[in-house]
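A short write-up of the structure that comes next.
The values are calculated or read from the model by the stated rules, or taken from the named source; none is laboratory data. Computed from a predicted structure; not experimentally measured. Every residue, glycine as well, gets a Cβ built from its backbone with ideal geometry; the counts of neighbours run over all protein chains shown.
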């Protein structure tokens with residue numbers, strides 16, 4: 001769903017994530033890239049500590065207790081999104097990462113009636129604001145976040161991570177699939193001993209080290225087992241790599257997914273997880289950690305697919321491969337539930353949810369809505 005583009009609806013982004021782009025297009029937003037972007041235009045996800053920018057971010061966070069690039073970007077963006085730029089703007093949607101500061105500053109600088117501000121929360125940064133930032137920085141961000149009218153979370157898990165200042169302004173909407181779902185797959189009689197994992201390899205929260213450790217345990221029983229790693233970055237040093245192929249960034253991972261029987265997704269902290277959903281659509285059974293926002297959907301397929309540790313993940317893969325009938329049953333259930341989720345999470349649901357905000361305004365700083 002794409003609405004006619006409107007100059008009074010802006011989408012402030014750093015990328016953007018394909019699902020966020022689909023949401024923004026559903027309400028006719030004009031796309032505004034943030035200045036001082038820390039990602040290339042086609043990149044999705046956080047930069048890992050292995051990159052120069054990632055190392056800078058980590059160093060400044062350790063030194064100051066707050067992501068310095070976020071503050072610097074806010075100062076730069078404020079000059080572009082001040083009162084003149086926001087004149088006549090009714091709706092400002094912002095990705096909820098490095099866009100928090102520029103978006104909230106822009107709303108603060110705008111002349112009345114100020115635009116409605118909607119944050120898209122798909123990054124743990126809002127959780128870090130409330131838990132890891134020193135008190136002085138937390139107070140600053142709380143003041144900024146008071147300007148947010150609605151925060152759209154991509155899972156109940158990400159909503160549970162919000163700081164208290166946003167707890168009464170949260171709406172959970174599952175992100176739309178960036179592309180059309182594939183046709184129904186033909187499942188083989190027996191699962192091949194092939195795993196797949198998607199995610200940035202050098203980002204600790206993605207849990208690639210845990211995936212490799214689990215696969216090493218699986219390979220002790222299935223010597224022909226293979227693991228395809230899809231994602232940018234480098235594998236953590238010292239990782240077991242026997243049977244593992246790192247493909248790097250793959251624009252269209254569907255062929256690799258189609259040849260796998262199990263997806264390992266043992267993220268330490270992930271607000272949702274489109275990779276398991278895309279795998280399920282192709283009949284690939286996901287094994288995920290409970291700290292993934294998509295874990296409740298995976299648990300509906302079979303509770304044994306949500307695992308707490310590496311040993312449990314390996315045991316689940318062995319169960320699936322040792323019992324082909326169980327694997328086929330679980331794969332069919334995964335396909336059915338994934339297709340239902342795709343239907344529920346269309347961009348139209350986002351446009352419908354925002355409809356009341358398009359006809360309202362609120363005076364700063366009360367935070368209360370009033371009909372026009």
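Taking the range 128-160 as the range and being within 28 Å of residue 347 (Cα to Cα) and either touching a residue at least 60 places away in the same chain (Cβ under 8 Å) or more than 23 Å from the chain's Cα centre (by Cα) (or both) as the test, the residues that pass are 146, 147, 149, 150, 152, 153, 154, 155, 156, 157, 158.
Condition check ((1) modelled with pLDDT under 95; (2) outside any strand (DSSP E or B); (3) within 20 Å of residue 283 (Cα to Cα); (4) in the same structural domain as residue 260 (by TED's automatic domain parsing)) across all residues:
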{"residue": "166", "(1), (2), (3), (4)": "yes, yes, no, no"}
{"residue": "171", "(1), (2), (3), (4)": "yes, no, no, no"}
{"residue": "182", "(1), (2), (3), (4)": "yes, yes, yes, no"}
{"residue": "186", "(1), (2), (3), (4)": "yes, yes, yes, no"}
{"residue": "209", "(1), (2), (3), (4)": "yes, yes, no, yes"}
{"residue": "212", "(1), (2), (3), (4)": "no, yes, no, yes"}
{"residue": "217", "(1), (2), (3), (4)": "no, yes, no, yes"}
{"residue": "222", "(1), (2), (3), (4)": "no, yes, no, yes"}
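Within the range 90-100, is even one residue surrounded by fewer than 22 Cβ atoms within 10 Å (Cβ to Cβ), within 23 Å of residue 350 (Cα to Cα) and out of contact with any helix residue (DSSP H, G or I) (no Cβ under 6 Å at 6 or more places or on another chain)?
Yes; the residues of the range 90-100 include at least one that is surrounded by fewer than 22 Cβ atoms within 10 Å (Cβ to Cβ), within 23 Å of residue 350 (Cα to Cα) and out of contact with any helix residue (DSSP H, G or I) (no Cβ under 6 Å at 6 or more places or on another chain).
Applying the criterion of being over 20 Å from residue 191 (Cβ atoms) and in contact with a helix residue (DSSP H, G or I) (Cβ under 9 Å, 6 or more places away or on another chain) to the residues of the range 243-269, the residue that is surrounded by the most Cβ atoms within 10 Å (Cβ to Cβ) is 267.
Among the residues making up the range 106-155, a single one is modelled with pLDDT under 80 and either in contact with a helix residue (DSSP H, G or I) (Cβ under 6 Å, 6 or more places away or on another chain) or part of a strand (DSSP E or B) (or both): 129.
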